[in-house]
C-alpha cells in the first residue's frame, strides 16, 4: 500500500479498523471458551486434567510477551496485528483438531502466544487512534471486545444446539475472522515501531524468564502442598527435582542479567498505598477467568443441565459483564467509585454463593448474572484510583498492580480444576466466592478522601 492511500483514511475509518480487530480478538477467544465442556467430554478429561490444560494458555501468553515487545520495537503494530490475527485464526483450527491432552496443551500454548501478539498490538493501535480524538474512546474499544465475547459465545451456543462438531465450528470461525483481518487491515494505522519497547532483546528475555520461572516455582509449590494435604504423601524425588530445576533457572537468569548495568527491578512491586488495589485486582481477575473457563462446566456437573443450557449460562454471564462495562461510567458518576467497588464485591460473593447453595438452573443463572455485573468494572475503577499514587508514576503504578492482578488470572482457574477433582466444583466455586468477600473487605479499608471517588471510569488499555 502506498503512503497516499494510508493518509486518505479518516480518524473514523481508523477507529472502525481498530474496533474490528478488538472484535476479532474477543470473538476468537470466546469461541474457544464456549466449547470447553465439549472438548473436555470429547477428550475424556477429568477436572484436574482440564485444570492442567487450561494452564497452558496463560503460560504461552507470558512466554511470548518479551518476544511481542521486541517485535513491536522492530515493526509497526499494524504488521504485528496482522500476523497475530492470522496466527490466532490458524491456531483456533488446530484446537478443534486436537485429539489428545498433550496435543491440546501444545496448541493452547501457541493460542496464548497468538493472543498476546493480538493484545499488545490492538492496544497499541487503540492508543494511536485515541491520539486522533479529544475525548476518551478506549472504553468503547474494550466494550467492543466484550460484545465480541458475547457474540462468539452466542455462536458457540448455536453450534452446540445443532450438534456441530468442534473442528467444523472453529474452521468456519477462523475463515470468517481471517477474511475480516485481510479486508480491514488497510483501515488501521501504519505506526512507527514503539520506542518504549526498544530494549536489547537478551536482557528483556532474561528479565521475563526470571518472572516466569519464579511464577512456575510458586505454582508448583502450591500444587505440592495441595497434594500433601489431600493425599498425605507426595512424590518427593520428582517434586524436589522439578522445584530445584526451576530454582536453578532463576539463578542462572539472575547471573546473566546481573551483567547488565541498566537493569531494572524484576517485578514492579506495589507500595503500601497500592497493595490493597493490587489484591482487589487479583481477586477480581481470579473470579473473571474462573467464570470464563469453568462456568459452562459448572452448569453441566453441578446443576446437571444439558450442554445447550450450559453454554447459554456462559453467554448470559458475558451479557451481564458486557452490560456492566458499557454502563459503568454512569453508575460511578452517581454513586462514586468506592461504593460501586463495594457493590461489585457483594455481587460476586452473593452470585457465587447463590449458584453453589441453590444449584438449579434459574437460581444459578441469576447468580451468574450477579457475578457478571460484579467483575465488569472493578479493574478499570481500581486503575483509576491507583493512578493517583504519589509515590510512583501512573504507568509504574498500573504495571505494579497488573503484575499482581495477573497472577490471579493465571494461577487460580487451574487450581479450581485440581480442587474440583477431589472435592467437586461446588466446593471450588465456594472458595472462589470468598474472593468477593475479600474485595468488599479491602474496599472498606480504602481512604474516603480520594479525589477520584466520584470520577468517571476510563478503561485501561491492557486488559484484553
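Nothing in this text is a laboratory measurement; each read-out follows from the coordinates by a stated rule. From a predicted model like this one, the values you see are computed outputs, not experimental measurements. Heads up, the Cβs are rebuilt from the backbone with ideal geometry, glycines too, and the neighbour counts pull from every protein chain shown.
Just grab the label-to-label distance for residue 361 and residue 46, each label 7 Å out from Cα along the Cβ direction, in nm (one decimal).
Label-label distance for residue 361 and residue 46, simple model: 3.0 nm.
Between residue 102 and residue 343, take the C-beta separation as r, use R0 = 30 Å, and let me know the FRET efficiency to the nearest 0.05. Spell out each step's value before the answer.
Values: r = 44 Å, r/R0 = 1.46.
Taking R0 as 30 Å, the efficiency between residue 102 and residue 343 is 0.10.
What ranking do 52-59, 128-135 get when scored by the average of other Cβ atoms within 10 Å per residue, highest first?
On the way: 52-59: 21.6, 128-135: 13.8.
Ranked from most to least packed, the peptides come out as 52-59, 128-135.
Within a 10 angstrom radius of the beta carbon, how do 311, 181, 64 rank from fewest other beta carbons to most? Kindly include the intermediate steps, with their values, before the conclusion.
Numbers: 311 29, 181 20, 64 23.
The fewest-first ordering by Cβ neighbours comes to 181, 64, 311.
Rounded to the nearest 0.05, what FRET efficiency do residue 335 and residue 12 have when you use their Cβ-Cβ distance and R0 = 41 Å? Walk me through the numbers before you get to the answer.
Numbers: r = 33 Å, r/R0 = 0.81.
With a Förster radius of 41 Å, E is 0.80.
Highest mean first, how do 378-384, 415-421 rank when packing is the count of other Cβ atoms within 10 Å averaged over residues? Before the final figure, lay out the partial values.
Values: 378-384: 25.3, 415-421: 22.3.
Highest mean packing first, the order is 378-384, 415-421.
Please give the length that would be gained between residue 163 and residue 135 if that part of the chain were fully extended, namely 0.36 nm times their separation in residues minus their C-alpha to C-alpha distance (nm, one decimal).
On the way: separation 28, 0.36 × 28 = 10.08 nm, distance 4.52 nm.
Length gained between residue 163 and residue 135: 5.6 nm.
What does the highest-first list of 74-85, 23-34 look like by mean Cβ count within 10 Å? Present the calculation step by step, with values, prior to reporting the outcome.
Details: 74-85: 21.4, 23-34: 25.2.
Peptide ranking by packing, descending: 23-34, 74-85.
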